[in-house]
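Input: a single structure, listed below in C-alpha cells.
The values are calculated or read from the model by the stated rules, or taken from the named source; none is laboratory data. Just so we're clear, the structure is a prediction, and the values are computed from it rather than from any experiment. As a convention, Cβ positions derive from the backbone with ideal geometry for all residues, glycine included, and neighbour counts pool all protein chains shown.
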Amino acid sequence: MPVGEWRHAWLVALVWAMSTLSVLGQVQWSVDTTQIQWGEPLQLTAEWLLNMDELQSGMADASAWPAWTDTTSAGLEILSSSPIDTLAAPVESGQDILLRKTWTLTSWDSGFVVMPPASFGPYETSPLLIRVLTPVLAEDAQPMPPADIVAVEWSLWERLQRAWPWLVAGLLLLGLVLLARFLWKRKPQRALGETPVAPTALAEPPHVVALRVLNDLKNEEGWNHGRAKEVQALASLTLRQYLEGRFGLPAAERTTSDIAALLPASAVPVAWQTRLVQAFEQADAVKFAKGELPARTHLALLEAYIDFVLDTQTPDDDAR
C-alpha cells in the first residue's frame, strides 16, 4: 500500500476509534449517529456541567457557546437549534447544574467531515468524525417526474382572513358610490338650457316702506332742527316711490308738472290727485329754497302723505 494511503487510513482509524462521546473538562458533546447520507439529519448535543457559583458568575452565558448561524465550523448545514436548557446535574457528577443545547445538522457533500474542537467558555471539546455517504442508486434509476401541485383546501374562515382587506376596500368604495348618488339625487335639477336664477329676498309691500319712512320723519321733526329741506325731499321721494310701487306710475324721476299730467290717466283716486300736486309743489318750494314753511305745515304735509298711503293701500295690504 502506498505511503499516502497508509497515512490516510491511519488518520481515519485514529478519529474513528474515538468514541462518539467526546469529553474534556466539564463540557462534552455527542452525536446520535456518525454516519448519514446526503440531506439526512444528524443531532449534535452539547452538555455543560457546572456548579451554582460558576452559573451565577456568567461563565456559561450565551456568549460562551459556539456562535453558529447557518453552518458549523466544519461546514455542516444547521437545520435547527434548541435554546439552552437548564437541568439538575446527575448526582454522580458532583456538580449542581447541567446545561444542554442541541443542533440538528446535515450535509450535502459525501466524505468524512471532522468537527474541530469547539470552545465553551474556558473549556474546549475534542473533535468528532462524521461520515457522509452518497445515496446508492439502482443501475436503472430514472429521474422522478415532477410531483403534482398540491391542492390547498382553505376553510371559509381562512378565505375571509385572506380576503378581508379587499372586502373592506370594496365596502368603502360602494359606500362612496351610494353617498355620491344620494347627494346627486338631492341636488335640485333644472331643465336643459335653463339658467340658474339667484334667489331674491322678498320685497316689502310699498305701503310698509312708505309708512315707516314717513312716520320716522314725522316723529323726528327734523324741520325744527334745521333740516326742513332734507325732510321734504325725502318725504316727496318716498311718496313718489309709493306711487310707482302701488299704481305703476313712473313718478320717482319726474317733475311735479309731469306727475300732474300723468295722474288723470292713472289709477290714483281722483279725490287725491289735486291734493298730491299741491303737496308736491309745497315740498318743491322748500327743496329749491323758494320759500319756507311753518312747522305746522311740515307736519300737515307728512300727515297728508300718511293718510294717502293708508287710504290707497290694497285690501291685501290692509290684512297685513
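Scanning the range 214-229 for residues that are in contact (Cβ under 8 Å) with a residue 24 or more places away in the chain and farther than 14 Å from Glu292 by Cβ returns Leu214, Asn215, Leu217, Lys218, Glu221. Please tell me if Glu158 is surrounded by 11 or more Cβ atoms within 10 Å (Cβ to Cβ) and touching a residue at least 60 places away in the same chain (Cβ under 8 Å). It is false that Glu158 is surrounded by 11 or more Cβ atoms within 10 Å (Cβ to Cβ) and touching a residue at least 60 places away in the same chain (Cβ under 8 Å).
Ala203 meets each of the listed conditions (1) modelled with pLDDT under 90; (2) surrounded by 10 or more Cβ atoms within 10 Å (Cβ to Cβ); (3) under 21 Å from Arg240 (Cα atoms) apart from (2).
Those strands (runs of 3 or more DSSP E) of the range 1-108 in which at least 2 residues are basic (Lys, Arg) and either surrounded by 13 or more Cβ atoms within 10 Å (Cβ to Cβ) or at pLDDT 90 or above (or both), considering only elements entirely within it, cover 97-106.
For the range 230-269, filtered to residues that are in contact with a Lys or Arg (Cβ under 6 Å, 6 or more places away or on another chain) and in contact (Cβ under 8 Å) with a residue 40 or more places away in the chain, the residue that is surrounded by the most Cβ atoms within 10 Å (Cβ to Cβ) is Gln232. Yes or no: Ile84 within 28 Å of Thr69 (Cα to Cα) and touching a Ser or Thr at 6+ places or on another chain (Cβ under 9 Å)? So Ile84 fails the test.
Scanning the range 50-83 for residues that are of a type in the set (Ser, Thr, Tyr) and under 50 Å from the mean Cα position of the chain (by Cα) gives Ser63, Thr69, Thr71, Thr72, Ser80, Ser81, Ser82.
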